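The values are calculated or read from the model by the stated rules, or taken from the named source; none is laboratory data. Since this is a predicted model, take the numbers as computed values, not measurements. For neighbour counting, all protein chains shown are included, and Cβ atoms are generated from backbone atoms with ideal geometry for every residue, glycine included. Just the protein is used for accessible areas: all its heavy atoms, side chains included, with ligands, DNA and RNA removed. Shrake-Rupley method; radii C 1.70, N 1.55, O 1.52, S 1.80 Å.
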Amino acid sequence: MRRKGLFITIEGVEGAGKSTNIRVIEEFLSEWKLDYILTREPGGTLIAEEIRELLLKHHEEKMDATTELLLIFAARAQHLSTKIRQTLAEGTWVLCDRFTDATYAYQGAGRGLDVKLISQLERLVQDNLRPDLTVIFDLDPSVGLERARQRGQLDRIESQKLEFFQRVREGYQNIASREGDRCLLIDASQTRETVRQSLRAALENRMQAFLGE
Ligand code: Z5A
């Protein structure tokens, strides 16, 4: 029996279907009778949610990319220290809508910030904590942005140019190919039902390995 909860993160470009498929993962965890919490980044605690608002709203002043990066890690430090670490230590699983892979994809690949700087902050804030499993929904960003647009007004990060999101997608694809043991790359261009079935099949596989440990 595992003593610690498992840490699962969900990633992808805008409109790739994270929120839609988190429900599929929740359903799956409930079927396995696993205690879990659902949280998100940036955010997940009162202070971190305030930082999220600052990050996503439009400002008259341009936000510097390093400022953005530091705010994301500030929110993450708060989230880890007041929620994630404690929950995992109690044996409860944590399902988190985005985590540090998003920082490598958006601030690293997207904004072009130095990956070494991101990994230094990752070590500072997380120490050795890394997700046990990461599901990455892969989608052509022009399709994802169209889906997101239909939902309403775009926030500050969603308002970037298409090329930015193409770099973000490549960033995620690189992470998935480098870290195949941790990451599941799901083709999110299929119908909702097909995505759901591929996700369930992939989870079934991984779960046998985790729970058989
Ligand atoms: N960010 C960052 O820059 N650095 C970081 O380190 C972190 C985050 C942690 C907030 O993230 C922003 O923070 C995000 C990255 C940045 N910004 N951007 N841009 P978020 O996760 O809260 O917000 P989001 O990425 O904008 O999520 P989203 O737009 O809600 O996307 P989604 O959850 O992947 O999509 P969805 O809501 O499930 O689906 C979108 C629509 O498509 C919806 O109407 C669905 O019904 C529809 N849909 C879903 N699946 C399908 C299929 N298969 N076919 C057709 N239609 C579908």
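Figures for the structure shown
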item: Vicinal HN-Hα couplings computed from phi for segment 86-94 (Karplus, 6.51 cos²θ - 1.76 cosθ + 1.60; Hz; Gly/Pro x); result: 4, 4, 5, 5, 7, x, 8, 6, 10
item: Percent carbon-and-sulfur accessible area, segment 26-76, ignoring ligands, DNA and RNA, probe 1.4 Å; result: 55
item: Within segment 19-51, backbone nitrogen closer than 12 Å to the virtual label 7 Å beyond the Cα of Thr194 toward Cβ; result: none
item: Residues whose placed amide H lies under 5 Å from that of Gly12, excluding near-sequence neighbours; result: Phe137
item: Segment 86-213 - percent of accessible surface contributed by carbon and sulfur, probe 1.4 Å; result: 45
item: Over segment 3-99: Kirkwood hydrodynamic radius from C-alpha pairwise inverse distances, Å; result: 14.4
item: FRET E, pair His58, Val143, Förster distance 30 Å, beta-carbon r, rounded to 0.05; result: 0.80
item: GNM flexibility winner over the chain from Leu54, Leu184, Leu139 (Cα, springs under 10 Å); result: Leu54
item: Stokes-Einstein translational diffusion, the chain - Kirkwood Rh over all Cα pairs, 1.306 mPa s, 10 °C, in µm²/s; result: 90
item: Solvent-accessible heavy-atom area per residue, rounded to whole Å², over the chain at 1.4 Å; result: 52
item: Projected area averaged over orientations for segment 60-186, convex hull of C-alpha atoms, nm²; result: 8.8
item: Computed helical MRE - 222 nm, the chain, DSSP H runs ≥ 4 contributing -39500 (n - 2.57), nearest 500; result: -15500 deg cm²/dmol
